Amino acid sequence: PGRGAMTALSVLDGSEKWRWTGDAPAIGASPIVSVIGSHAQLVFKSEEKIVGLNPLSGKEFWRIPFKVQMDNTIVTPLVIDDQLITSDYRKGIRSWRIFSDGESWQARELWKNDRVCMFMSSPVFAGGQLVGFSDFRKGEWVGLDPGDGSIMWRGEPRLGEYATLISWGDNVLVFLEDGSLVVGKVSRDRFQTLQRYRLGGSKMWTHPAISDNRIVIRDGNRLAVFQLGER
């Protein structure tokens, strides 16, 4: 009580199925469920760790020490096969391999890049590369090689403080805080803008939702739905 916990509830009656109390909850970062090594895993950030649990039982598989300044961890973890990638305020961008030796689960760091840092924007995997919005240079799009974390390309600087990225095949949908949607194609050496649309007003900070060919956005003043063209 008073510290919070990761908790699973029954959909049918709301009863508690299990509770993990290994740490206080993080501020902002969303949990994900992903398959790692043929096992479904609930991956999330707590106040001082990144943790993987069995989503059915709450059993802890592994943990990684990960303390963010001011306890303000926002970036949602990204899993590509057995690779975990994340970033956060003044933490650079980092990657670990999550694996089982037959008896227990392990997390081994693969690489770290301090030349890129994502404070509020979560990276995505598109076109075979890691694409993100770094808060360095007052906001820039970047593409990284997920194998070693090296920078493949950097966009123009001074794009703002926040952007939401959604992978769309080899393209990326970028929602900017001023209410703009940028549709871009990822290549080996750049992010090419294909279309730019005006969807809303300022403060478009809420993560958009996509259902079939519709985008649901929330800006500072309204909730709105837009229809996408052919993919």
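The values are calculated or read from the model by the stated rules, or taken from the named source; none is laboratory data. Everything quoted here is computed from the prediction, not taken from an experiment. Cβ coordinates were reconstructed from backbone atoms using ideal geometry, including for glycine residues, and neighbour counts include every protein chain displayed. Please note that ligands, DNA and RNA were not included when accessible areas were found on the heavy atoms of the full protein model with its side chains. Shrake-Rupley method; radii C 1.70, N 1.55, O 1.52, S 1.80 Å.
Potential lengthening of the chain between N221 and D145 amounts to 23.6 nm, from the contour at 0.36 nm per residue minus the alpha-carbon distance. Ranking S211, A40, G58 by Cα position along the charge dipole of the chain, where only Lys, Arg, Asp and Glu carry charges on their C-beta atoms, puts S211 farthest toward the positive end. In straight-distance terms, cross-link reach from K45 covers every one of the aspartates and glutamates whose alpha-carbon lies under 18 Å from its own, apart from those fewer than eight places away in the same chain; here that gives D23, E60, D71, D82, D88, E109. Which log10 I(q)/I(0) values does the range 191-231 give at q = 0.21, 0.24 Å⁻¹ under the Debye formula, counting every alpha carbon as one identical point scatterer? Values, matching the q order: -0.74, -0.90.
Using heavy atoms of the protein chains and a probe of 1.4 Å, the accessible area assigned to E177 is about 50 Å².
Output the Kirkwood hydrodynamic radius of the range 1-127, Cα pairs only, in Å rounded to one decimal. Mind dumping the intermediate values first?
Details: mean 1/r = 0.0658 Å⁻¹.
Over the range 1-127, the inverse of the mean reciprocal pair distance is 15.2 Å.
Throw me the Rg/Rh for the range 15-69, computed over C-alpha atoms with Kirkwood Rh, two decimals. The Rg/Rh ratio comes out at 0.96. If you run the Gaussian network model on the chain, springs between alpha carbon atoms under 10 Å, then out of S87, S202, S95 the most flexible one is S202. Using heavy atoms of the protein chains and a probe of 1.4 Å, the accessible area assigned to R196 is about 140 Å². Here's how it looks for S187: its modeled amide H is under 5 Å from those of Q192, which are all 5 or more places away or on a different chain. For the range 99-109, backbone phi angles converted through the Karplus equation (6.51, -1.76, 1.60; θ = phi - 60°) give residue-by-residue couplings of 8, 10, 9, x, 10, 8, 9, 10, 10, 10, 5 Hz, Gly and Pro being listed as x.
Each Lys or Arg adds one and each Asp or Glu subtracts one; over the other residues with Cβ under 14 Å from the Cβ of D82, this totals -1. In the range 5-94, a dipole from Cβ-located charges (positive for Lys and Arg, negative for Asp and Glu) runs towards its positive end, and of G92, G14, A26 it is G92 whose Cα lies farthest in that direction. For the range 136-185, the calculated P(r) over all alpha carbon pairs, in 10 Å bins from 0 to the bin holding the longest distance, is 23, 53, 22, 1 percent.
Across the range 76-138, Cα-Cα distances exceeding 17 Å account for 42% of all pairs. Ligands, DNA and RNA left out, the accessible area of the range 106-231 computed with a 1.4 Å probe is 46% carbon and sulfur.
Normalised per residue, the accessible area of the chain is 53 Å², obtained with a 1.4 Å probe and no contribution from ligands, DNA or RNA. In whole angstrom, the range 150-219 maps to an equivalent ellipsoid with semi-axes of 21, 15, 10, each derived as √(5λ) from the alpha carbon gyration tensor and ordered largest first. Straight distance only, please: which lysines reach the Cα of K185 with their own Cα at less than 24 Å, same-chain residues fewer than 8 apart left out? Cα-Cα hits under 24 Å: K138. Counting only residues at least eight positions apart within a chain, or on another chain, the lysines with an alpha carbon under 21 Å from that of K49 are K59, K67, K91, K112.
Taking amide H as placed 1.01 Å from N in the peptide plane, V116 has its amide H under 5 Å from the amide H of I93, each at least 5 places away in sequence or on another chain. Checking [x] 7, 20, 17, 15, 14, 12, 9, 5, 1, 0; [y] 7, 30, 34, 23, 6, 0; [z] 8, 34, 37, 13, 4, 3, 1 against the coordinates, the calculated P(r) over Cα pairs in 10 Å bins from 0, in percent falls under label [y]. Under the simplified labelling scheme, the V35-L12 pair shows an inter-label distance of 2.6 nm, with each label point 7 Å from Cα along Cα→Cβ. Its Cα centre serving as origin, the chain has a Cβ charge dipole (Lys and Arg +1, Asp and Glu -1) of approximately 480 debye. Net charge dipole, the range 1-123: roughly 300 debye, given to the nearest 20, about the Cα centre with Cβ charges of +1 for Lys and Arg and -1 for Asp and Glu. Working note: Karplus 6.51/-1.76/1.60 with θ = phi - 60° gives the range 67-81 the couplings 9, 10, 4, 6, 6, 9, 9, 10, 5, 6, x, 10, 10, 10, 6 Hz, where Gly and Pro are set to x.
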